[in-house]
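Since every read-out is calculated from the coordinates, none of them should be taken as a lab result. Model, not experiment: these values are computed from the prediction. Heads up, the Cβs are rebuilt from the backbone with ideal geometry, glycines too, and the neighbour counts pull from every protein chain shown.
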Amino acid sequence: MKNIYIIHNSLYGNSRILAERLARGLSEKFDVKIKRIGDFNLNNDTDNLYGLILTTRIMQFGVDREMKKFVEEIDTNRKEPIPKTIICYTHRLKPKRLFKKGMVKTIRNAKHIENVYPEVLEVKMKSMKGPAEEGQEQKIQDFINNIKVYLED
Ligand SMILES: Cc1cc2nc3c(=O)[nH]c(=O)nc-3n(C[C@H](O)[C@H](O)[C@H](O)COP(=O)(O)O)c2cc1C
């Protein structure tokens, strides 16, 4: 089975819960592990890493700086390229242009990331601490179905 890592940096648990939801949806077909940023060692944890899924969040209208730094460090710490990367995030307010631009740009600039899934999953929360608003579950399920195909290729 292909190795997929889901990385989060969750404060209130929203993006961790999203990470767990994605893992449940993918675990039948892939070997999926969830890690918090600080617990993930890019050199040792990632032999045969096929897919990297970032479940991040909007902070002050932009990207989570720790997640941005994590992506930037992929280039300095990693020897093998990562074939496929997927971006997901939770947010409270209206999204998202600055966030999207910042995150996608950071990932596109990482030379060790080969391919980025073109769609970004946005999950809107009812409050800062969650839960997700109505309708998000169907959106997540549809996204899982799509990324299964993408990751199987
Ligand atoms: C300091 C701070 C700033 C935030 N700024 C924004 C923002 O600009 N736009 C937005 O949509 N949500 C914002 N949020 C809400 C978070 O994106 C939302 O609560 C997210 O789901 C948190 O994910 P987590 O529980 O995984 O950390 C902010 C939250 C905090 C704590």
So how far, in whole Å, is the C-alpha centre of the stretch 114-146 from the one of the stretch 1-59? 15
Which of LYS101/LYS126; LYS94/LYS148; LYS69/LYS100; LYS2/LYS69 have a Cα-Cα distance over 22 Å? LYS101/LYS126; LYS94/LYS148; LYS2/LYS69
May I ask you to order 70-76, 55-61 by the average number of other C-beta atoms within 10 Å around their residues, highest value first? 55-61, 70-76
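For ASP75, what is the net charge nearby, where nearby means another residue's Cβ is under 15 Å from its Cβ and Lys, Arg count +1, Asp, Glu -1?
+3
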Radius ratio Rg over Rh of the stretch 39-149, counting only Cα atoms, Kirkwood formula for Rh: 0.97
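Extension gain GLN138-MET1, at 0.36 nm per residue separation less the Cα-Cα distance, in nm?
Working: separation 137, 0.36 × 137 = 49.32 nm, distance 2.63 nm.
Using 0.36 nm per residue and subtracting the Cα-Cα distance, I get 46.7 nm.
For a protection proxy built on the mean count of beta-carbon atoms within 10 angstrom, sort 25-31, 1-7 highest first, please.
1-7, 25-31
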Given the chain, what percent of its DSSP beta bridges are antiparallel, to the nearest 5? 10
